[in-house]
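Throughout, read-outs are computed from the coordinates displayed, never taken from laboratory work. All figures in this text were calculated on a predicted structure; none of them were measured in a lab. Glycine gets a Cβ as well: all are built from the backbone with ideal geometry, and neighbour counts include every protein chain shown.
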Amino acid sequence: MTPIETVVRLVWLAGAAAFVFGLMRMNSPATARNGNLVSAAGMALAVGGTALLLISNGSVGVAGWIIIVVGIAVGGGLGLFTARTVKMTAMPQLVSLFNAVGGGAAALIAIDDYLRIAGQGQVLPLDIQVATVLDVVIGCITFTGSLIASGKLQGLIPCKPILIPGGRIVTILLALVAVAGSLFLFVTGQTNVAVLFAIIAAGLIFGVTMVLPIGGADMPVVISLLNSFTGTAVAMAGFVIDNTVLIIAGALVGASGAILTKLMADAMNRSVLNIMIGGFGGGEGTVTAVGAEGGSVRSIGIDDAAIQLAYAANVIVVPGYGLAVAQAQHAVRELAELLESRGVNVSYAIHPVAGRMPGHMNVLLAEANVPYPQLKEMDDINPEFDRADVALVVGANDVTNPAARRPGSPVSGMPILDVDHAKSIIVIKRSMGRGYAGIDNELYVNPKTGMLFADAKQGLADLVAAVKAL
Amino acid sequence: MSTELIGALTVFVLAILCGFAVISKVPATLHTPLMSGANSIHGIVLVGSMLIAASATDPLSQVLSLVAVAFATMNVVGGYVVTDRMLQMFRKMAVPSKTPPAPDESKA
C-alpha cells in the first residue's frame, strides 16, 4: 500500500465514523441540523479522499477525468437545483427520487463490473457473484420502485392502489426468474451476460409491480423501506469492488433505515408486511356503501362559520395535506392569531402522518411561524376534543375518518384524531372528493359537521375577513 | 473463504449492528428528516462510481460509469441540501418564541 493509499483509507474511515456520529445526532431536534452537517462533512472527506487517490496514482486517463467531472457537474447541478427550488409540500417525492438514483448508481457499479469481467472471459469467485446479483436485484428494485413512489406522490400516477391483473403470479414469476438466473450463474461459475440482463429486467419490473398496488397513504413507509434497500445495495456494491467505506455506510443505512421503517409503520399502526402485501387493497366495495347511504351533507356559509369560531372558547385546527397544497399555512396562522386576539384558545392537532410524511406538517407550519407550543401531537390533543367548541378541519381527510375505529374499512386500525368529539365541526374542503385512501369520510355526514366548500387559502382568507367584520 | 472476505463480512455485520443501535426513540416529527439524512448517506456510492469511472476504457463502460457518477452525485448533493432545508425549520421550533412576529400581537 502506498503512503497516499494508506492516508486515503484512513480518510474513508473518518468519513464512515462521521456518518455514524451524524445519524446519532439526528435523533433529537436540538442537534439534528448539526448532525446532518457532520454527516455531509464526512461525505466531503470521503469523496475528496477518493479524488486524491485517483490523482496520486496517475493511471486515470483524460476520458476518465472527463467522465468524473462531467458526471459530478451534471448530477450535482441537478441535485442542488431541485433540492433548493422544491416546494416543501413536494419534498417527499424528491427524497424518493434521490433514493431512486442512489439505487440506480449502486446497480450500475455491479453491472459495469460484471460486464468488464465477462468481456475479459474471466471467472468470478462465488462471493463476488453473490454480491453482484444481490446488488443488481436490490438496486434495480429500488430504482423503479422509488420512481413509481415518487410518481404517485407527485400525482403522475394515480395514488389509489393499482391492482395488476394476475399481479401475484407476475411477482412469483419474476422472483423465479431472478432466483433461477442467480443459481445458474452460481452453479456454472461462468459469466453469462444474457442471464444477467434477465435478472436486471426481473428486478426492474419487480420494483414496479411491488409499489403500484400500494396506496398513497402508505407511501412514506414504502420510501423508507426502499431507502433501506438502497443502503443494502450500496453495501453489496462495496463487496463487489472491495471497498470498505461503501460496505460500512451501506450497511449503516440499510439497518437504520429498516428500524426507521418500523417506527414509521408503528406510528401509523400498520405492519410493514401488511403494507407490502396489498395495503389498502381489499374491501373497497363495502366502504363506499357506508358513505353512500350515510345521509345528507350540511353545507355552511362563511358568516355562520365565522360566528361559530369567533364566539368559541376553544378551537382546535386540524391541518392536513390540502392546507399544504393550497399554501394556506400563513392564512391559517392569520386566522388563529385573529381568534386569539379575541380571547379564543387555539391549538393545532397534528396527526403523525399529516401531510405526506411523518413530521411533514410540523415543518410546513413552522415555515409559517406558527408558535411551536400550539402544535399538539395526536395523543396529547385527542382528549381535548371533548372540550373543544369548534374543530376546524382544513384539508385533512383520512386522519379524521371515524370509520377507522371499526373493523372492515381500508383505514381500520389507523390512529385518528377524535374530531367528531368536538361540539361542532367545520370542514373546509373544495369538494366531496376522497382522500388518499380513496374512501368516503363519515365525518362529513355527521350532523355536527358543516361543510365549507372553498379552496383552503381562499376560505381561510374569507373567514379572516368575516371575523374582522363582526 | 479468503481473509479479505472474512474481514469485509466482519465490517458489514458490525456496521449493521451499529445502524440498529444508532436509531433510538426518535420523535415522529424527526422521521422524515432522519430518513432523508440516511438517504444522503448512501450517496457514498459516489466513491464507488468514481473508482469505476477512473478505470473505464470501453465506451459502454464509460457510459455506465458516467450515469453512475451523475446519479450518485445527485443523491449526495440533493440529499444533504434538502435535509438541511427541512432541519432549518426545526431549529425555529426547537427555540419556541413566546412572541410570534405578527404585527397585531398586542393583545396582552
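Residue separation of A:ILE172 and A:ASN369 scaled by 0.36 nm, minus their Cα-Cα distance, works out to 65.9 nm of gained length.
Against chain A, whose longest principal axis comes from its Cα atoms, helix A:329-341 is set at around 40 degrees.
Lys-Lys pairs in chain A that are eight or more residues apart or on separate chains and whose Cα atoms lie under 28 Å of each other come to 28.
Residues whose amide H lies under 5 Å from that of A:ARG298, counting only those 5 or more places away or on a different chain, are A:MET451; hydrogens are built 1.01 Å from N in the peptide plane. The amide H of A:ASN345, built 1.01 Å from its N in the peptide plane, has A:ASN314, A:VAL315 as neighbours under 5 Å, considering only residues 5 or more places off or on other chains.
Neighbours of B:GLU4, meaning other residues whose beta-carbon lies under 10 angstrom from its beta-carbon, give a summed charge of -2 when Lys and Arg score +1 and Asp and Glu score -1. Were the residues from A:VAL179 through A:PHE81 laid out at 0.36 nm apart, the gain over their Cα-Cα distance would be 31.3 nm. This ranking places A:PHE184, A:PHE98, A:PHE385, B:PHE71 by how few other beta-carbon atoms lie within 10 Å of each, fewest first, which gives A:PHE184, A:PHE385, B:PHE71, A:PHE98.
Around the amide H of A:GLY359, modelled in the peptide plane, lie the amide H atoms of A:ALA354, all under 5 Å away and 5 or more residues distant in sequence or on another chain. Reducing segment A:84-125 and segment A:373-423 to their Cα centroids gives an inter-centroid distance of 41 Å. Using Cα atoms only, what is the angle between the long axis of helix A:456-469 and the major principal axis of chain A, expressed in degrees (0 to 90) to the nearest 10? Approximately 30 degrees, to the nearest ten.
Legend: mean number of C-beta atoms from other chains within 10 angstrom of residue C-beta atoms, peptide A:408-421, equals 0. Computed from the C-beta positions of A:ALA51 and A:SER296 and an R0 of 60 Å, the FRET efficiency is 0.30 to the nearest 0.05. Peptide A:340-349 is shielded by partner chain Cβ atoms: per residue, an average of 1 of them sit within 10 Å of its Cβ. Note on A:371-379: average number of Cβ atoms from other chains within 10 Å of each residue's Cβ is 3. Ordering of A:193-203, A:137-147 by packing is A:137-147, A:193-203, highest average first (other Cβ atoms within 10 Å, averaged per residue). Secondary-structure-derived ellipticity at 222 nm for chain A, considering helices only, amounts to -20500 deg cm²/dmol, per-run term -39500 (n - 2.57) for DSSP H runs with n ≥ 4. This ranking places B:TYR80, A:TYR114, A:TYR372 by how few other beta-carbon atoms lie within 10 Å of each, fewest first, which gives A:TYR372, A:TYR114, B:TYR80.
Just add up the charged neighbours of B:LEU60: K/R +1, D/E -1, any other residue whose Cβ is under 15 Å from the Cβ of B:LEU60. So the environment of B:LEU60 carries a net charge of -2.
Sorting A:391-401, A:239-249, A:29-39 by their mean Cβ neighbour count within 10 Å, with the most densely packed peptide first, gives A:391-401, A:239-249, A:29-39.
Scoring A:1-7, A:88-94 by mean Cβ neighbours within 10 Å over their residues and listing the highest first yields A:88-94, A:1-7. Ordering A:THR191, A:THR230, A:THR171 from the fewest to the most neighbouring beta carbons within 10 Å gives A:THR171, A:THR191, A:THR230. Against the longest principal axis of chain A, how steep is helix A:62-85, in degrees 0 to 90 to the nearest 10, with axes from Cα atoms? That helix lies at roughly 10 degrees to the long axis.
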